[in-house]
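Q: Let me give you the structure first, and then I'll get to my questions.
The values are calculated or read from the model by the stated rules, or taken from the named source; none is laboratory data. Please read all numbers here as calculations on a predicted model, not as lab measurements. Here the Cβ is made from the backbone with ideal geometry for all residues, glycine too, and neighbour counts use every protein chain on show. Surface accessibility is based on the protein's heavy atoms, side chains included, excluding ligands, DNA and RNA. Shrake-Rupley method; radii C 1.70, N 1.55, O 1.52, S 1.80 Å.
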Amino acid sequence: MEMESTYEIDRVAGFISARAFRRVALQFPDELLKDSTRIVAALHEKLRSFNQLQAGSNGDAKDVKLYVMADTMYGNCCVDEVGASHANADCVIHYGHTCFSPTSTLPAFLVLGKASLNVPLCAQILCEYTIKAGKPILVLYGLEYTHAITEIKASVGAQVCSELEVHYADIMSPIITPPETFSSMNEQPEQSDGQCANGCSIEENDAAYCVGGLTWSLPVGRRIEDYLIFYVGSDDPAFANILMTYNACEIVRYDATEDNLVNDFSQQKRILKRRYFLIEKAKDASIIGILVGTLGVAGYLHMIHQMKDLITRAGKKAYTFVMGRPNPAKLANFPECDIFVYVSCAQTALLDSKEFLAPVITPFEAMIAFGRGSEWTGAYVTEFRDLITSSPMEAKNQSEARFSFIQGGYVEDVEQQEVEEVEDGVSALVNITEKALRVRDKDSQTLMPGTAKSGAEYFATRSYHGLDIHPENNFSEPFLIGKSGRASGYKNETTQQS
């Protein structure tokens, strides 16, 4: 019974049976693979009972085939539509932590799981902080603690007077249906009025917010900065997403594993300073790599096209890479890229690239670095679907001089010359290579730093050019006879070992 309650066997079986799915993919993270066999057995038994009921009223019912997926190509929080397509699945049942990113083609059901929480202690700490805070409280939480929020709300409501304002976020529906506007991933996603990026409804007079599967609305005239955010959960990517998105708010976190309150986030706040540094570094980059961090989140293809268009308009060269989860070894194979733009879900976008050969930034940071009129204000957006625009974003003028904080002076970006597409691709590559070879430093015979504007120019400086032969010397050097014998005693050595 405990396993059926934790993994919602009844709800999952009802979802599959109600929609008449015949091929279902079950996606597990590594830590839940040990339970996969028991879950599959329980689902088979429950679906068999549903099918028998349907067969009794509607005739024969077909069996449902279940496929277990593990070792996802990208983050475990996203629905792996690529893996499910290998099994030709009709839907995906996702277990474990999730980011609630909408899918592109397949419907999905999200099973969040249940983590243990000391409800009385958490409610007591929340009550004490609510009384002394002197401002409204907004309670956010990790999705694995959703089961305990109702009990916390009842306990706090009984101890705190009604004059104190405490808001609780609601969780979105665990059923994800691909939006019709994303059925063709080459089209731009459309969002109707009253809908946020995650699909939650927005009432007419209330300011609505959505982040990581949580949704809430604030009364008219109230801003999110007016609230103290009380977060229940661990220090994970979901909390980092909230910390970056609402960095102007006062935030405290109740650690459910340690049963204590954490309010010192100075280390996390330094991340914002580093992100600003990466933006300034991106402005000086000439060759940018676009990393595809998802193949299933709705709108990812449009964002890739938007990034390529923005980078090209800024006079820089863009290359697109699909390599699964990025790591220093993979990206080191592309040293020609000065910086990478990582297009992924909100909870995996903030990639710590200190050990990488080149920095990795988010689409939001790329739009500030390469877009005209974009300035750093402290506000931060991790969800790339909130950045999708219908019209091309105006890029910065390449001829304008700007001050580079990295180089410590004014610089003028050189406009990227477009390479005309000709029928003979080899001729185009030869022309680019010849241009690169003309830009040489006469002492070192290497390309001047910062002049490579494409991968072909960069690799032209790394190509092997043969031995350094002096044409003015036509006489060959005499051959030299080396040592002969063994290393323990060569024949030309005067001292021989006895």
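Q: Within 10 Å, count the other beta carbons around each residue, average over each peptide in 80-87, 257-264, 358-365, and list them highest first.
A: Numbers: 80-87: 18.9, 257-264: 11.2, 358-365: 23.5.
Taking the mean over residues of other Cβ atoms within 10 Å, the ranking is 358-365, 80-87, 257-264.
Q: Evaluate the relative contact order of segment 219-326 (contact order divided by residue number), counting alpha-carbon pairs under 8 angstrom at least 6 apart; express in whole percent. Spell out each step's value before the answer.
A: Working: 100 pairs, mean separation 21.6, N = 108.
Dividing the mean separation by the residue count of segment 219-326 yields 20 percent.
Q: Separate question: Post the alpha-carbon centroid distance, segment 206-264 to segment 87-112, in whole angstrom.
A: Measuring centre to centre over Cα atoms gives 25 Å.
Q: Hey, another quick one. Once you have the Cα-Cα distance between K34 and R486, take 0.36 nm times their residue separation minus that, and quote the gain in nm to one decimal.
A: 156.8 nm
Q: Right, another one. Rounded to the nearest percent, how much of the accessible area of segment 12-169 (1.4 Å probe, protein heavy atoms only) is carbon and sulfur? Let's see the in-between values first.
A: Numbers: 3690 of 7170 Å².
Its accessible area is 51 percent carbon and sulfur atoms.
Q: Please work out the Cα convex hull volume for segment 203-243 and give it in Å³ per residue. All intermediate terms of the calculation are to be shown ahead of the outcome.
A: Numbers: hull volume 3.0 nm³, N = 41.
Enclosed volume per residue, from the Cα hull, is 73 Å³.
Q: Another question about this same structure. Give, in nm to one decimal, the length gained when the segment between F479 and S116 is fully stretched (0.36 nm per residue of separation minus the Cα-Cα distance).
A: 122.7 nm
Q: Sticking with this one: For the ranges 289-297, 130-138, what's the packing order if you count other beta-carbon atoms within 10 Å of each residue, average per peptide, and put the highest first?
A: Averaged packing, sorted descending, gives the order 289-297, 130-138.
Q: Within a Cβ distance under 9 Å of K135, other residues only, what is the Lys/Arg minus Asp/Glu net charge?
A: Details: positive: none; negative: E165, D226, E250.
Local charge sum for K135: -3.
Q: Net charge within 12 Å of A238 by Cβ-Cβ distance, Lys/Arg positive one each and Asp/Glu negative one each, not counting A238 itself? Working shown, then result.
A: Working: positive: R253; negative: E144, D235, D236.
Value of the local net charge: -2.
Q: What's the FRET efficiency of T377 with H86 using the Cβ-Cβ distance as r and R₀ = 56 Å, to the nearest 0.05? Could the numbers behind the result be given before it?
A: On the way: r = 44 Å, r/R0 = 0.78.
For R0 = 56 Å, the calculated efficiency reads 0.80.
Q: I would also like to ask the following. Which entries in the list K283/K317; K330/K354; K354/K453; K269/K330; K283/K354; K114/K269 go over 21 Å, if you measure between the two C-alpha atoms of each?
A: Working: K283/K317 13 Å; K330/K354 15 Å; K354/K453 24 Å; K269/K330 29 Å; K283/K354 18 Å; K114/K269 30 Å.
Distance filter (> 21 Å) returns K354/K453; K269/K330; K114/K269.
Q: Which peptide among 222-231, 323-332 comes first, and what is the full order, when sorted by highest mean count of other Cβ atoms within 10 Å?
A: Details: 222-231: 16.7, 323-332: 14.1.
Ranked from most to least packed, the peptides come out as 222-231, 323-332.
Q: Carbon and sulfur atoms: what percent of the 1.4 Å accessible area of segment 239-359 do they account for? Show your work: numbers first, answer last.
A: Numbers: 2360 of 4720 Å².
Answer for segment 239-359 is 50 percent, counting heavy atoms of protein chains only.
Q: Does a label point 7 Å from the Cα of E225, set along Cα-to-beta-carbon, have any residues of segment 277-308 with amide nitrogen under 16 Å, and which are they?
A: Nothing falls inside the zone, counting backbone N under 16 Å.
Q: While we're here: If you stretched the chain out fully between L164 and R325, how much longer would it get, using 0.36 nm times the residue separation minus the C-alpha to C-alpha distance?
A: This chain segment gains 53.4 nm when fully extended.
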